Amino acid sequence: MSRLSPILANEKNAAALLDLPVAEFRSAVAAGHLPRGREIMPGCIRWDTEMLRKIASGDAIDGDIVW
């Protein structure tokens, strides 16, 4: 059987995917630098792992950036 790849992550795992401490991840979300999690059922907040990957790779940037 193949290994499962999660499509949603809790706060701790979402922070770990971005190699951030949870407190820093929370601050980035509160400041609007990272997306808020989605409540998939009452009290259960999860982050889309594909969106986190797009943010990390730069694919989630709107517009053109010239370096």
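Structure values in brief
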{"read-out": "Cut-off 13 Å between beta-carbons: net charge of the residues surrounding residue 33, Lys and Arg +1, Asp and Glu -1", "value": "+1"}
{"read-out": "Å³ per residue enclosed by the Cα convex hull of the chain", "value": "131 Å³"}
{"read-out": "Local net charge near residue 56, Cβ-Cβ under 15 Å (Lys/Arg +1, Asp/Glu -1)", "value": "-3"}
{"read-out": "Residue-normalised accessible area of the chain, expressed per residue, 1.4 Å probe, Å²", "value": "83 Å²"}
{"read-out": "Percent accessible area from carbon and sulfur atoms, the chain, protein chains only, probe 1.4 Å", "value": "54 percent"}
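The values are calculated or read from the model by the stated rules, or taken from the named source; none is laboratory data. Please read all numbers here as calculations on a predicted model, not as lab measurements. Don't worry about glycine lacking a Cβ; one is built from the backbone with ideal geometry, like all the others, and counts go over all protein chains shown. Accessible surface is based on the protein model in full, side chains and every heavy atom, while ligands, DNA and RNA are left aside. Shrake-Rupley method; radii C 1.70, N 1.55, O 1.52, S 1.80 Å.
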